[in-house]
Amino acid sequence: QVQLAESGGGLVQAGGSLRLSCVASGSIFSINVMGWYRQAPGKQRDLVAHITTIGSTNYADSVKGRFTISKDNANNTVYLQMNSLKPEDTAVYYCNILARARFWLPAQNYWGQGTQVTVSS
C-alpha cells in the first residue's frame with residue numbers, strides 16, 4: 001500500500017519559518033494531487049494547500065502569501081514552506097495525496113500520521 005512519511009514539524013517563535021516534507025512510498029501508480037491539511041485542538045481538519053500533477057496550486061486564505069507548497073516528482077515528495085508563522089498556525093499538519101495504487105483502481109486519499117507545528121507568541 002501507499003505510505004506517507006512526514007517530517008519538519010517543531011516549535012518556532014512567531015514570525016519564524018518551518019519547512020515540512022512528506023515522502024510517499026509503496027505501491028504508487030500515479031499521484032493526482034498532493035497537499036497539506038491541519039487540525040487544531042477542537043477544530044476540524046482543514047485544507048492548507050495542495051498542488052496538482054501539472055503544478056497548479058491552491059491555498060487557504062489564512063496562509064496565502066505566507067506558505068508555499070512545492071513538489072519533487074523524482075522522489076514523490078511534497079513540501080510546505082511556512083514563513084511568517086503565527087500562533088494561529090499551531091496545529092497538527094497532515095500530508096495527503098490523491099493517488100492510484102494500481103492503474104485499474106480509482107484514485108483515493110492517503111494520509112500521513114501528522115506532524116506537530118507549534119508557534120509561540
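The values are calculated or read from the model by the stated rules, or taken from the named source; none is laboratory data. Keep in mind it's a predicted model, so treat the numbers as computed, not measured. Reconstructed Cβ throughout: ideal geometry from the backbone, glycine too, with neighbour counts over all protein chains shown. Ligands, DNA and RNA are excluded from the accessible area calculation, which covers all protein heavy atoms including side chains. Shrake-Rupley method; radii C 1.70, N 1.55, O 1.52, S 1.80 Å.
Tally the residues that are assigned to a strand (DSSP E or B), small (Gly, Ala, Ser) and open to solvent by less than 40 Å² (accessible area, probe 1.4 Å), restricting the search to region 3-39.
Step one: filter region 3-39 for residues assigned to a strand (DSSP E or B), giving 3-7, 10-13, 18-26, 30-39.
From the residues that got through so far, the ones that are small (Gly, Ala, Ser) too are 5, 7, 10, 21, 24-26, 30, 35.
From what is left, the residues that are open to solvent by less than 40 Å² (accessible area, probe 1.4 Å) are 10, 21, 24, 30, 35.
So the answer is 5.
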Quiz item: Which number in (1) under 29 Å from residue 121 (Cβ atoms); (2) surrounded by 12 or more Cβ atoms within 10 Å (Cβ to Cβ) marks the one condition that residue 42 misses?
Solution: (2)
Quiz item: So which of 84, 17, 7, 21 ends up being touching a Lys or Arg at 6+ places or on another chain (Cβ under 6 Å) and among the small types (Gly, Ala, Ser)?
Solution: 84
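Checking the structure you have, find out if any residue of region 100-121 is touching a helix residue (DSSP H, G or I) at 6+ places or on another chain (Cβ under 6 Å) and among the hydrophobic types (A, V, I, L, M, F, W, C).
Step one: filter region 100-121 for residues touching a helix residue (DSSP H, G or I) at 6+ places or on another chain (Cβ under 6 Å), giving 119, 121.
Cutting the leftovers down to among the hydrophobic types (A, V, I, L, M, F, W, C) gives us 119.
Within region 100-121, one or more residues are touching a helix residue (DSSP H, G or I) at 6+ places or on another chain (Cβ under 6 Å) and among the hydrophobic types (A, V, I, L, M, F, W, C).
For residues that are open to solvent by 40 Å² or more (accessible area, probe 1.4 Å) and not charged (D, E, K, R), scanning just region 76-89, find the one that is modelled with the lowest pLDDT. Quick ask: steps written out before the conclusion?
Residues of region 76-89 that are open to solvent by 40 Å² or more (accessible area, probe 1.4 Å), as a first pass: 76, 79, 81, 83-84, 86-88.
Subsequent filtering for residues that are not charged (D, E, K, R) retains 76, 79, 81, 83-84, 87.
Values: 76: 94, 79: 98, 81: 98, 83: 98, 84: 98, 87: 98.
Per the stated criteria, the residue is 76.
At least 3 residues that are touching a His at 6+ places or on another chain (Cβ under 8 Å) and touching a residue at least 40 places away in the same chain (Cβ under 8 Å) in each: list the strands (runs of 3 or more DSSP E) lying fully within region 51-119 that qualify.
Per the criteria, no element qualifies.
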Quiz item: Of everything in region 45-56 that's of a type in the set (Val, Ile, Thr) and open to solvent by 50 Å² or more (accessible area, probe 1.4 Å), which residue is nearest to residue 21 (Cα to Cα)?
Solution: 53
Quiz prompt | Of the criteria (1) touching a Lys or Arg at 6+ places or on another chain (Cβ under 6 Å); (2) in a loop (DSSP other than H, G, I, E, B), which one residue 48 fails | solution = (2)
